[in-house]
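The values are calculated or read from the model by the stated rules, or taken from the named source; none is laboratory data. On a predicted model such as this, the values are computed, not experimentally measured, just so you know. Note that we place each Cβ from the backbone using ideal geometry, even for glycine, and neighbour counts take in every protein chain shown.
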Amino acid sequence: MKTKDKGFNTKLIHAGAFEDEFGSATVPIYQTSTFKFKNAQHGADCFSGKSDGYIYTRIGNPTIRAFEQNIAELENGYDGIATSSGMGAITSVYMALLGAGSHIVSSDAVYGPARGILEQDFSRFGVEATFVNTTKAENIIAAIKPNTKVLYIETPANPTMDITDIALCADIAKKHNLILVVDNTFCSPYLQKPLDFGADVVLHSITKFINGHADIVGGVIVTKTVELYKKIRHCMVYNGCNMDPTQAFMVLRGVKTLGIRMQRAQENAMKAAQFLQVHPKVGWIKYPGLETHPQYALGKKQMNGPGSMISFGLKGGFEAGKKLMDNVHLALLAVSLGGVETLIQHPASMTHAAISKEDKLKAGITDDLIRFSVGIEDIEDIIDDLKQALDKV
Ligand SMILES: *Cc1c(COP(=O)(O)O)cnc(C)c1O
């Protein structure tokens, strides 16, 4: 079914799906590593690109293609490239767009390993990186050098919840001939479509909201142009971080409910944020749905809703936070986010532990920051859980 002119929730369920000879209602798992050619000419045509038949699952597979086309439609992009993990997506993008002597400007509060791999590994191949607070355009402009090729942002940033202006970054990127890459993991295309605001590449850890059930790891990239698509797909295929057909089947199932999951999760998050905001033991809270968020207006402009991620700190600092995390019963003390279950974690000692203390502070990742990913349980139970744990602090 053609879904290009249909609504978002219809696309979630039908985009990318294809009919098979049995009339299957869902896209089956094509659990095969290789595909038989009809004859030698067909094999040659598949390799030369004259035929779009499948060759080998690292290069392409029907179940994976269905997911790639689904997400490309959701993000209003040219096409999708599915990967084994979110880091596989990030690494493929870096590999495709950077090389010896080139430079990338990135958000200082970016996902920990997305920064770590630049500082520890791409640096060995002569790639330079500068991390700045991208919520201020002047910081980005000051960091741009003659060899800068990529502007990379994550908004809202993980875990500070700082919001970066995508349209403004697209203007800066255009003026300086940079490729603008946006990590859209925290929003999913339900809340934010970076390509619509002028980004060139959008990527996701589908481990989070897109799959949404905390049962697989995966990633995906969507590009605006065919040129970027070919360049990045080449790197994904050659470095071998392809998605597996079973992963693709799982995420095709998960993505169908993205709309209703996000809607419910952000309704819950708003109520949890309102509860935390006035709690006497809470020192500060950052949630895009609260007017106290420093970029509340910008969030309203580029996001279709505030999402379900909350950062907050307790007046008692890290020790109080530790006590809170040890006393919640419903919320799982676990990294990751965006699933149907509520999760709580401490970035300074967990997801962002690899970053130096100095860089963490510069990026606003204070020792007391607690990251709360609100799930779709009954909100009364989520708040009761916070209440009894805060009583013990
Ligand atoms: C989890 C995450 C990643 C990395 O994804 P994996 O699937 O764990 O490899 C990248 N960016 C953000 C914002 C994330 O939350």
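Just a few scattered comments:
- Residue check for Ile140: within 19 Å of Thr185 (Cβ to Cβ) and at pLDDT 95 or above: no
- Listed by first and then second residue, the pairs linking a residue in region 305-328 that is within 18 Å of Gly339 (Cβ to Cβ) to a residue that is of a type in the set (D, E, K, R), with Cβ atoms under 6 Å apart and 6 or more places separating them unless they lie on different chains, are Ser311/Lys286; Ser311/Arg371; Val328/Asp385.
- Those helices (runs of 4 or more DSSP H) lying entirely in region 85-167 with at least 2 residues farther than 19 Å from Ser336 by Cβ and touching a residue at least 12 places away in the same chain (Cβ under 8 Å): 86-97, 137-143
Every residue, every condition in (1) under 30 Å from Ala17 (Cβ atoms); (2) in the same structural domain as Glu380 (by TED's automatic domain parsing), yes or no:
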site	(1), (2)
Val251	yes, no
Ala265	yes, yes
Lys281	no, yes
Tyr287	no, yes
Leu290	no, yes
Gln295	no, yes
Asn304	yes, yes
Leu314	no, yes
Leu324	no, yes
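- Flag if Thr366 is modelled with pLDDT under 95 and within 16 Å of the ligand (Cβ to nearest atom): no
Residue by residue, here is whether (1) more than 22 Å from Leu118 (Cα to Cα); (2) at pLDDT below 95; (3) surrounded by fewer than 17 Cβ atoms within 10 Å (Cβ to Cβ) holds:
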{"site": "Phe318", "(1), (2), (3)": "yes, yes, no"}
{"site": "Leu330", "(1), (2), (3)": "yes, no, no"}
{"site": "Gly338", "(1), (2), (3)": "yes, yes, no"}
{"site": "Pro347", "(1), (2), (3)": "no, yes, no"}
{"site": "Ala354", "(1), (2), (3)": "no, yes, yes"}
{"site": "Asp359", "(1), (2), (3)": "no, yes, yes"}
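- Only residues that are over 19 Å from the mean Cα position of the chain (by Cα) and surrounded by 15 or more Cβ atoms within 10 Å (Cβ to Cβ) were counted across region 127-158, and they come to 11.
- Selection within region 99-126 - among the hydrophobic types (A, V, I, L, M, F, W, C) and surrounded by fewer than 22 Cβ atoms within 10 Å (Cβ to Cβ): Ala100, Ile117, Phe122, Phe125
- Of all residues in region 74-94, those satisfying the criterion of being under 22 Å from Gln247 (Cβ atoms) and either at pLDDT below 95 or away from the ligand (no atom under 15 Å from the Cβ) (or both) are Leu74, Glu75, Gly77, Asp79, Gly80.
- Members of region 1-53 found to be hydrophobic (A, V, I, L, M, F, W, C), part of a helix (DSSP H, G or I) and touching a residue at least 24 places away in the same chain (Cβ under 8 Å), listed by number: Phe8, Leu12, Ile13
- Hits in region 189-228 (condition: under 10 Å from the mean Cα position of the chain (by Cα), hydrophobic (A, V, I, L, M, F, W, C) and assigned to a loop (DSSP other than H, G, I, E, B)): Ile206, Phe209, Ile210
- Condition check for Gly80: closer than 15 Å to Ile232 by Cα, outside any helix (DSSP H, G or I), out of contact with any His (no Cβ under 8 Å at 6 or more places or on another chain) and without any contact (Cβ under 8 Å) to a residue 24 or more places away in the chain: no
- From the list Gly80, Gly23, Gly99, the lone residue that is closer than 30 Å to Gln120 by Cβ and over 23 Å from the mean Cα position of the chain (by Cα) is Gly99.
- Residue ID - surrounded by the fewest Cβ atoms within 10 Å (Cβ to Cβ), chosen from residues in region 371-393 that are among the β-branched types (Val, Ile, Thr) and in contact with a Leu (Cβ under 7 Å, 6 or more places away or on another chain): Val393
- Against the list (1) within 16 Å of the ligand (Cβ to nearest atom); (2) basic (Lys, Arg); (3) farther than 28 Å from Gln345 by Cβ, the condition Arg115 fails is (3).
- Of the residues Cys235, Cys187, the single one that is within 12 Å of the ligand (Cβ to nearest atom) and either surrounded by fewer than 19 Cβ atoms within 10 Å (Cβ to Cβ) or in contact (Cβ under 8 Å) with a residue 40 or more places away in the chain (or both) is Cys187.
- Given (1) in a loop (DSSP other than H, G, I, E, B); (2) farther than 17 Å from Met236 by Cα, index of the condition Ile59 fails: (2)
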